[in-house]
Amino acid sequence: MFSLSGKKILVVGIANRDSIAWGCARAFREQGADLAVTWLNAKAEPHVRPLAEELGAEIMMPLDVREPGQTEALFNRISADWGRLDTVLHSIAFAPKEDLHGRVVDCSVDGFTLAMDISVHSFLRMIRLSEPLMTEGGCCLSVSFFGSSRVVRHYNMMGPVKAALESATRYAAAELGEKGIRVHALSPGPLKTRAASGIGHFDEMLDQAASRAPTHQLASIEDVGAMAAFLASDEAKNLTGGVHDIDGGFSITA
């Protein structure tokens, strides 16, 4: 069995106990990792800080990737306290509601730019800041969705955004592979998270996924966490650039 004992892992994106990031953070901790956990802002802190404390997180800080200097401050703290970083989990995405609920061809320049910045470019910024801290290799994980490669009703502009995230994952993996830094995208099927609740007709999407998946059940945040923990381990050191479907086989169905 693999172990993450002694590994230093940054988890970005916990909102509550239903978050994919929470499922991953628990899996990391159960395998022995030391954690750094962030929350979006002062409004989110009362919901996330108790979860971070429950996991014994050694570093807890706010992080709004739109705020200049906050991402750099977080990585400076990690450098000062830990001196290294083994894994970063980026589990954040955003699109303005008016753009998300409209046609892709109608989305605004500002809305599309904001979605790309938060959902994609912030991951690249975190990889760049992680690179000097991953002197012995490491793992950078993002969270995608199968709407990146096929049209999913009501997913709308987040489809192109997630496609960009997966492409960025592959290019970053190619560029950093010689340093032992692996880059992956986790791609669970539909999950009941707060972020997903903003997608129109999401309950319908959940029902369809469960009925069509070969296992006839949805993936859980624990399923995603198990995959994330394995990819963060030394046993996965020769895997990189993957988009890993965690969906009960839904993605193989026609």
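For the stretch 1-54, what D do you get in µm² per second when you plug the Kirkwood radius from alpha-carbon pairs into Stokes-Einstein at 10 °C and 1.306 mPa s? In µm²/s, the coefficient is 140. Using a Gaussian network model of the chain in which every pair of alpha carbons under 10 angstrom is joined by a spring, one finds that among T87, T240, T71 the greatest mean-square fluctuation is at T71. Rounded to the nearest 20, the Cβ-based charge dipole of the chain about its Cα centre (Lys and Arg +1, Asp and Glu -1) stands at 180 debye. In terms of packing, defined here as the mean over residues of other Cβ atoms within 10 angstrom, the peptides 155-165, 214-224 line up highest first as 155-165, 214-224. For the stretch 124-196, rounded, prolate or oblate, judged on the Cα gyration tensor with a ≥ b ≥ c (square roots of eigenvalues), a/c < 1.5 rounded, else prolate if a/b > b/c? Since a/c reaches 1.5 and a/b is larger than b/c, the shape of the stretch 124-196 is classed as prolate.
Computed on the chain, with alpha-carbon pairs under 8 angstrom and 6+ residues apart, the relative contact order is 21 percent. Please identify, among R84, R170, R212, the residue showing maximal mean-square fluctuation in a Gaussian network model of the chain using a 10 angstrom Cα cutoff. The residue with the greatest mean-square fluctuation here is R212. Measuring r between the beta carbons of S149 and F2 and using R0 = 25 Å, the FRET efficiency lands at 0.30. Summing +1 for each Lys or Arg and -1 for each Asp or Glu, what net charge is found among the other residues whose Cβ lies under 15 Å from the Cβ of R84? With Lys, Arg at +1 and Asp, Glu at -1, the net is -3. The residues packed around D106, meaning those with a beta-carbon under 15 Å from its beta-carbon, carry a net charge of -1 if Lys and Arg are +1 and Asp and Glu are -1.
Descending by average beta-carbon neighbour count within 10 Å, the peptides 92-99, 226-233 line up as 226-233, 92-99, the highest first.
When only the Cβ of Lys, Arg, Asp and Glu is charged (+1, +1, -1, -1), the dipole of the stretch 22-167 relative to its Cα centre reaches about 460 debye.
Total lysine pairs in the chain at Cα distances under 26 Å, for residues eight or more apart or on different chains: 12. Using a ≥ b ≥ c from the Cα gyration tensor of the stretch 101-246 (square roots of the eigenvalues), is it rounded, prolate or oblate, where a/c under 1.5 gives rounded and otherwise the larger of a/b and b/c decides, a/b for prolate? Oblate.
Distance between the 7 Å Cα→Cβ label points at A163 and S211: 2.8 nm.
What is the angle, in °, between the Cα long axis of helix 20-30 and the longest principal axis of the Cα atoms in the chain? Nearest 10 is fine, range 0 to 90. Approximately 30 degrees, to the nearest 10. May I ask which residue of G32, G241, L114 lies farthest towards the positive end of the charge dipole of the stretch 8-252, with charges of +1 (Lys, Arg) and -1 (Asp, Glu) on Cβ and the Cα centre as origin? Farthest along the dipole direction, towards plus: L114.
Per-residue ellipticity at 222 nm computed for the chain from its helices equals -11500 deg cm²/dmol, with DSSP H segments shorter than 4 residues left out and the rest contributing -39,500 (n - 2.57).
Rule-based calculations on the coordinates, nothing more; no lab input. None of these values were measured; they are calculated from a predicted model. Methodologically, a virtual Cβ is constructed for each residue, glycine included, from the backbone with ideal geometry; neighbour enumeration extends over all protein chains shown.
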